[in-house]
Amino acid sequence: MFVEFIFMTHNRFIPQNYNNTISKGNVTWQSPSNIALVKYWGKKEAQIPQNPSISFTLNTSKTITRLEFTEKADRSNFSFEVYLEGEQKDSFKPKIETFFKRIELYLPFLKTYHFKIDTSNTFPHSSGIASSASGMSALALCLMSVEKLLQAPNFNMDYFYEKASFLARLGSGSACRSLKGSLVVWGKHDAIKNSSDLFGVEYPYKVHENFANYQDTILLVDKGEKQVSSTVGHNLMHNHPFSKQRFEQANANMVNMKTILENGDLKAFIELVESEALALHAMMMTSLPYFILMKPNTLEIINKVWAFRAATGMHLGFTLDAGANVHLLYPESEKQAIMDFIKNELVVYCQNEQYICDNVGFGANEML
Ligand code: PMV
C-alpha cells in the first residue's frame, strides 16, 4: 500500500518523450549547504524520512558544479569523470554511480551522455560541514538543466525545482532542503501545507523579522572524516529503543517551531534548537553500536555559550550536525558583540582556529 502510493506520486517525475536532441553542452549551478533546526535522523526505504525537518538555507557555504555532457555511442553504462577543485576525484565515483542508478528512471538520458562533473566548494572539503547537501543539490540541478534543454520550450519552473529537490533527496536526504530559502521543510506534516516526504518545500508561513539575515558561525572543532556515515547513522534508528519517542518529539517540534517563527520568540527558538541538537546526539549515544560524536572542545564551547548567555542575556544558541562542529546561531542585531566573544573566547577550541561566517541565504542559482 505504502510502496504503491509512493510509486504513484513518483510517476509524475518520469518524463515522456523529449522534444529536442542535443549532442553536447554544459550547465553550471551553485547550491548552498543548509543547517537543520528540527533534525532529520532515521529514514525508510528510498530516502523517505521518518520525521519532518526544517532548515535554514545557508548563504556563503556552497558548492559550484559545472556539468559538461557529450553524446556517446555506447548506451549500456553510465560514463562520467569527477573533479574536485580541478583534480580528478575517483573516490567520489561510487556515490555518484549509486545516485545515477537511483535516478535513472526519472532521467532517461543519463546513459546517452558522457558527463564531466567539475565541482568546487567555498568551504574546506571534509570540514565536517554538509558538502553532500550542497554537492548533491548542485548536481541534481545541473541534471535538471539538461532535462530542461531536452524538453524546451515551456518548461515549468515549479516542476523544475520540485523534481530537482526530489532527485537531490535520492542523492543525500538533507540535500533536498538546499535549493530554496530561507527556510525549507522536508517531510509530510499536517501543520505545514504542501509538505512532502518526496521533496523540500519553502516554508509557507509568516516569519518574524527577528530571523531576517540570521547568522550562523560554524566553529570547526574537528575537520576529520565523519566517524559515522549518514547511512550508518540513519540505520541505527531501526530498532532503536527511543525512536518512536524521537519521531513524536520531532513532529511536535515542527508545530512549536511554527509558533516561534511567527512570534519571533528567540528564547524559545534557542531552547527548541539546542534541544533538537542534543536529542540527535542522544540518539547516537543510545543506539547499538553507540557513538559519541562530540569532542571535548564541543562541550567546552557549549558551556561557554551557556555562560555567555546567562551573563549577557544575548540570544546566542547552538546546533550540531552528526559531528563535533558547532553552528552558532544568533540574530544579526547582536552580531558585533557575539563576534567579539567568538574571536576572544571560542576560536581557541577550533582546529587550527578555523571557523566559517555564514548567514541565512535564499537557495541555489544557475550560473549562465
Ligand atoms: O542528508 P544526510 O543523509 O546526510 O543526513 C543528514 C542528517 C543531519 O544533518 C544530521 C540532520 C539534518 O536534518 O540535516
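Points worth noting:
- Here residue 344 meets each of (1) over 19 Å from residue 221 (Cα atoms); (2) of a type outside the set (Phe, Trp, Tyr); (3) more than 16 Å from the ligand (Cβ to nearest atom) with one exception, condition (1).
- Subset of segment 331-346 [farther than 29 Å from residue 208 by Cα and without any contact (Cβ under 8 Å) to a residue 12 or more places away in the chain]: 344
- First in segment 73-88 and loosely packed, with under 10 Cβ neighbours inside 10 Å, second anywhere and in a strand (DSSP E or B), Cβ under 9 Å, 6 or more apart: 86/118; 86/120
- In the set (1) under 21 Å from residue 185 (Cβ atoms); (2) touching a Leu at 6+ places or on another chain (Cβ under 6 Å); (3) at pLDDT below 95, residue 12 fails one condition alone, (2).
- Residues located in segment 238-274, provided they are farther than 15 Å from residue 38 by Cβ, within 16 Å of the ligand (Cβ to nearest atom) and surrounded by 18 or more Cβ atoms within 10 Å (Cβ to Cβ): 240, 243
- Here residue 300 does not qualify as within 14 Å of the ligand (Cβ to nearest atom) and surrounded by 14 or more Cβ atoms within 10 Å (Cβ to Cβ).
Rundown of residues vs (1) within 16 Å of the ligand (Cβ to nearest atom); (2) more than 16 Å from the chain's Cα centre (by Cα); (3) not acidic (Asp, Glu), yes/no style:
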site: 16; (1), (2), (3): no, yes, yes
site: 23; (1), (2), (3): no, yes, yes
site: 27; (1), (2), (3): no, yes, yes
site: 38; (1), (2), (3): yes, no, yes
site: 47; (1), (2), (3): yes, no, yes
site: 60; (1), (2), (3): no, no, yes
site: 64; (1), (2), (3): no, no, yes
site: 75; (1), (2), (3): no, yes, yes
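- Residue within segment 181-194 that is surrounded by 24 or more Cβ atoms within 10 Å (Cβ to Cβ) and either in a helix (DSSP H, G or I) or modelled with pLDDT under 95 (or both) present: no
Every residue, every condition in (1) in a helix (DSSP H, G or I); (2) closer than 30 Å to residue 143 by Cα; (3) of a type in the set (A, V, I, L, M); (4) in contact with a strand residue (DSSP E or B) (Cβ under 7 Å, 6 or more places away or on another chain), yes or no:
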{"position": "303", "(1), (2), (3), (4)": "yes, no, no, no"}
{"position": "335", "(1), (2), (3), (4)": "yes, no, no, yes"}
{"position": "347", "(1), (2), (3), (4)": "yes, no, yes, yes"}
{"position": "356", "(1), (2), (3), (4)": "no, yes, yes, yes"}
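The values are calculated or read from the model by the stated rules, or taken from the named source; none is laboratory data. Here the structure is a predicted model, which means the values were calculated and not measured. Don't worry about glycine lacking a Cβ; one is built from the backbone with ideal geometry, like all the others, and counts go over all protein chains shown.
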